[in-house]
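We did not get these values from a lab; they are worked out from the coordinates using the rules stated. What you see is a predicted model, and the numbers here were worked out from it, not measured in a lab. Neighbour counts are summed over all protein chains in view; Cβ atoms, including those assigned to glycine, are modelled from backbone coordinates with ideal geometry.
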Amino acid sequence: MFDTHTHCMHSHDSRQDPEELVKYAIEKGLEYIAVTDHYDGELTLLPEFSYIPQIDLDNHFKVISFLKEKYRDKIEVGVGIECGFMREADGIYLENLKKYDTDIIINSVHTIEYEDCYEPSYFAKRTKRQAYYAYLKAVRDSLDVPYHYDSVGHIGYVIRKSTYDDISLDYKDYSDILDDILKTIISKGKALELNSHSEGTGLDFMASPEITKRYKELGGELLTFGSDAHRTNRLCANYDKVCETVKALGFKYLFKYLNHKPVAVKI
Ligand SMILES: [Zn+2]
Ligand SMILES: [Zn+2]
């Protein structure tokens, strides 16, 4: 088992001690764990989010690199980060990420049209189609950033806190833009993330099995698994289920990232 997407207390929404996380991963028998804390550079540009503390990048990369060395005989630790995409924040990530040695960068969309889609107000003022389409448009835009990234985080994230009666984001309703997204991921050599932090979505993981199936049809091969755990108890959550589902779709491998190179892990 391995996990390419986890958080520790370096993220504003986690209190997990990073060394305990790595030790727990060793105990659980993981061969690899990437610690990919939130880097919400986009929020520094939006005054209404100034209450959210920003990550201390120097400390984050120093601590995770230290753990990578300390436990290298027992587990591979990926030094990582999760960037919150917003076009205006491109320069922030471009400038700051090149200062550090990293293994994996996840590019994710959390902010849509300058709003947080965890807030009910995002949905209240939009129809479902407007809300989901704006999200997918942001995901499409996020693929063209000038900074390096390896995987595309949790496609479908907008439904996590969706307030509509029917929250589903079905491939057939958004096939044009989803095909554009998937083809672009493939042509840029990026990975589609299978994120098992999907409580409340009715899905085992995001991108959904349906979208992952389409990715395969279009020729996609690079897949990462990420639990998005913010505490040890969710590490590798649903790993077996995700493997079983993607195996049935015809995939043979998942990928972990070391120094931004995908390394195949047979499933
Ligand atoms: Zn995220
Ligand atoms: Zn995350």
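Beta carbons closer than 8 Å, at least 6 apart along the sequence or on distinct chains, pair a first residue in segment 160-174 that is among the small types (Gly, Ala, Ser) with a second that is buried (at least 16 other Cβ atoms within 10 Å of the Cβ) for Ser162/Phe123; Ser162/Lys128; Ser162/Ala131; Ser168/Ile159.
Taking the criterion of being touching a residue at least 12 places away in the same chain (Cβ under 8 Å) and surrounded by fewer than 20 Cβ atoms within 10 Å (Cβ to Cβ), the residues of segment 221-234 that qualify are Glu221, Arg231, Thr232, Arg234.
For Thr102, the conditions (1) within 16 Å of ligand 2 (Cβ to nearest atom); (2) buried (at least 24 other Cβ atoms within 10 Å of the Cβ) all hold with the exception of (2).
Just one residue in the set Ser121, Ser142, Ser162 is within 30 Å of Ser65 (Cβ to Cβ) and small (Gly, Ala, Ser); that residue is Ser142.
Do we find that Leu94 is more than 16 Å from ligand 2 (Cβ to nearest atom), within 28 Å of Glu69 (Cα to Cα), assigned to a helix (DSSP H, G or I) and free of Cβ contacts under 8 Å to residues at least 60 places away in the same chain in this structure?
Values: more than 16 Å from ligand 2 (Cβ to nearest atom): yes; within 28 Å of Glu69 (Cα to Cα): yes; assigned to a helix (DSSP H, G or I): yes; free of Cβ contacts under 8 Å to residues at least 60 places away in the same chain: yes.
Spelling it out, Leu94 is indeed more than 16 Å from ligand 2 (Cβ to nearest atom), within 28 Å of Glu69 (Cα to Cα), assigned to a helix (DSSP H, G or I) and free of Cβ contacts under 8 Å to residues at least 60 places away in the same chain.
Checked against the criterion of being buried (at least 18 other Cβ atoms within 10 Å of the Cβ), polar (S, T, N, Q) and over 29 Å from Leu258 (Cα atoms), the candidates Ser108, Ser121, Ser151, Ser162 yield just one match: Ser162.
Number of residues in segment 145-159 that are in contact with a Lys or Arg (Cβ under 9 Å, 6 or more places away or on another chain) and either without any contact (Cβ under 8 Å) to a residue 12 or more places away in the chain or not in a loop (DSSP other than H, G, I, E, B) (or both): the value is 2. Among the residues of segment 198-210, not a single one is outside any helix (DSSP H, G or I), within 16 Å of the chain's Cα centre (by Cα), closer than 13 Å to Val152 by Cβ and of a type in the set (D, E, K, R).
In segment 184-199, is there at least one residue being closer than 18 Å to Thr245 by Cβ and of a type in the set (Val, Ile, Thr)? Working first, answer last.
Of all residues in segment 184-199, those closer than 18 Å to Thr245 by Cβ come to 191-199.
Subsequent filtering for residues that are of a type in the set (Val, Ile, Thr) retains none.
No, every residue in segment 184-199 fails to be closer than 18 Å to Thr245 by Cβ and of a type in the set (Val, Ile, Thr).
Filtering segment 241-262 for residues that are polar (S, T, N, Q), within 16 Å of ligand 2 (Cβ to nearest atom) and either closer than 21 Å to Val145 by Cβ or touching a Phe, Trp or Tyr at 6+ places or on another chain (Cβ under 6 Å) (or both) leaves an empty set.
The residue of segment 149-205 that is nearest to Thr224 (Cα to Cα), among those that are within 13 Å of ligand 1 (Cβ to nearest atom) and hydrophobic (A, V, I, L, M, F, W, C), is Val152. For segment 100-118, what are the residues that are away from ligand 1 (no atom under 14 Å from the Cβ), part of a loop (DSSP other than H, G, I, E, B) and farther than 19 Å from Pro146 by Cβ? Once the filter is applied, which keeps residues that are away from ligand 1 (no atom under 14 Å from the Cβ), part of a loop (DSSP other than H, G, I, E, B) and farther than 19 Å from Pro146 by Cβ, segment 100-118 yields Asp101, Asp103, Glu113, Tyr114.
Residues that are of a type in the set (Gly, Ala, Ser) and closer than 15 Å to Ala207 by Cα within segment 105-137 comprise just one, Ser108.
Do we find a residue being in contact (Cβ under 8 Å) with a residue 24 or more places away in the chain, buried (at least 21 other Cβ atoms within 10 Å of the Cβ), closer than 22 Å to Val265 by Cα and more than 16 Å from ligand 2 (Cβ to nearest atom) anywhere in segment 177-187? Please lay out each step first, then the result.
First, pick out the residues of segment 177-187 that are in contact (Cβ under 8 Å) with a residue 24 or more places away in the chain: 177-186.
Now restrict to residues that are buried (at least 21 other Cβ atoms within 10 Å of the Cβ): 178, 181-182, 185.
Still in the running and closer than 22 Å to Val265 by Cα: 182, 185.
From the residues that got through so far, the ones that are more than 16 Å from ligand 2 (Cβ to nearest atom) too are 182, 185.
There is at least one residue in segment 177-187 that is in contact (Cβ under 8 Å) with a residue 24 or more places away in the chain, buried (at least 21 other Cβ atoms within 10 Å of the Cβ), closer than 22 Å to Val265 by Cα and more than 16 Å from ligand 2 (Cβ to nearest atom).
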